[in-house]
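Step one of this worksheet: look at the structure below.
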Amino acid sequence: MACPPESSHDVHVRLGDGLFTALQQRCRRTGESASHVIREALAAALDLEHHTIYQVSTSGALVQGVYRGCVRVGDVLQHGDFGLGTFEGLDGEGILLDGCCWQACADGTVRQAPADALAPFWVATRFQADHRETLSAVSSWADLTGRLDGLRDSANLFVAIRLRGVFERIRYRVVCKAEPGVDLVSATNAQAMFDLENVAGTIVGFWTPSYARTINVPGYHLHLLSDDHRHAGHVLELQSRELSLELHRESHLQLVLPETPEFLKADLSGDPAAALARAEGDHS
Ligand SMILES: [Zn+2]
């Protein structure tokens, strides 16, 4: 999916042992080519990818049951170190944090997603906080999102959100694998729910403007990964005495559309907002 530059130039650079070894290790770990790692690092250093969301498929397609994977986790990792998504066949919840991709499975287990795992929907970015603060005595999802609303100076840009801390109470769900064509509301009727107490972890996610509801889940979409990597999922409710909050405003959107037969044939003309609120919400 990652396209090579339209016209390219060969650049010869001499690297010391330390940098070269680190480059080789990175390539082995992620399956990326050395050229790709260098191009990405240079783009980041020159601020060419800052404030860019890289997204695979659309929320409207997900609502219609388009769950066949169209990019690999390794491709997503080339475009971001932070984000969320799901896997082939709606097989669990995905969390991308600090460049590692995790798969929360419906049986409650969490594993590192292999680079060749397929994904039908993903939202990623290179997270660079442009606002930080501490939130005290967060009593609920409604309380948290109300406070986050108050920090936003525009309803028209995307925002990446990272929250770290101990969650005295947290409720999350993990979707169960679904057959293609089963719509998202039906598929999420069979989700696994988890209620945990005193979990140290990080929440990653996005706020999406209402006008973009056919593209991404409008409002807040947050996934949890515990610090011990044993618990993860799509957050529904939470409570915390103190959270460190980081926000990253996003003004560029790179949208990668699947060319799978089911996507090409799907009717995406409707407004998926109500179905998304039922499938992704229920923050009661
Ligand atoms: Zn989710």
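Side notes on the structure shown:
- Among the residues of segment 218-248, those identified as open to solvent by 10 Å² or more (accessible area, probe 1.4 Å) and either away from the ligand (no atom under 15 Å from the Cβ) or outside any strand (DSSP E or B) (or both) are Pro218, Asp227, Asp228, His229, Arg230, His231, Gln239, Arg241, Glu242, Ser244, Glu246, Leu247.
- Subset of segment 256-276 (residues that are in a helix (DSSP H, G or I), touching a residue at least 40 places away in the same chain (Cβ under 8 Å) and within 22 Å of the chain's Cα centre (by Cα)): Phe263, Ala273, Ala275, Leu276
- When Gln78, Gln103 are screened for being surrounded by 19 or more Cβ atoms within 10 Å (Cβ to Cβ), more than 23 Å from Tyr220 (Cβ to Cβ), among the polar types (S, T, N, Q) and touching a strand residue (DSSP E or B) at 6+ places or on another chain (Cβ under 9 Å), only Gln78 passes.
- Residue count, segment 193-205 (criterion: more than 10 Å from the ligand (Cβ to nearest atom) and closer than 16 Å to Thr145 by Cβ): 2
- Any chance Thr145 is at pLDDT 95 or above, surrounded by fewer than 20 Cβ atoms within 10 Å (Cβ to Cβ) and within 16 Å of the ligand (Cβ to nearest atom): yes
Conditions (1) open to solvent by less than 40 Å² (accessible area, probe 1.4 Å); (2) in contact with an Asp or Glu (Cβ under 8 Å, 6 or more places away or on another chain), marked per residue:
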{"position": "Arg169", "(1), (2)": "no, yes"}
{"position": "Gly181", "(1), (2)": "no, yes"}
{"position": "Ala187", "(1), (2)": "yes, no"}
{"position": "Ala190", "(1), (2)": "no, no"}
{"position": "Met193", "(1), (2)": "no, no"}
{"position": "Val204", "(1), (2)": "yes, no"}
{"position": "Trp207", "(1), (2)": "yes, no"}
{"position": "Thr214", "(1), (2)": "no, yes"}
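- Just one of the numbered conditions (1) within 20 Å of the chain's Cα centre (by Cα); (2) modelled with pLDDT of 95 or more is not true of Arg241: (1).
- Any hit, segment 261-276, residues being surrounded by fewer than 21 Cβ atoms within 10 Å (Cβ to Cβ), farther than 19 Å from Thr109 by Cβ and aromatic (Phe, Trp, Tyr): yes
- Within segment 82-94, residues that are in contact (Cβ under 8 Å) with a residue 40 or more places away in the chain reach partners that are within 11 Å of the ligand (Cβ to nearest atom) and part of a loop (DSSP other than H, G, I, E, B) with beta carbons closer than 6 Å, at six or more positions or on different chains, in the pairs Leu90/Val175.
- Wholly enclosed strands (runs of 3 or more DSSP E) of segment 106-188 bearing at least 2 residues farther than 18 Å from Gly201 by Cα: 121-125, 158-174
The values are calculated or read from the model by the stated rules, or taken from the named source; none is laboratory data. Everything numeric here is computed off the predicted structure, so don't read it as measured data. Cβ sites come from the backbone with ideal geometry, for glycine too, and all protein chains shown count toward neighbours. What goes into the accessible areas is simple: the full protein's heavy atoms, side chains included, and nothing from ligands, DNA or RNA. Shrake-Rupley method; radii C 1.70, N 1.55, O 1.52, S 1.80 Å.
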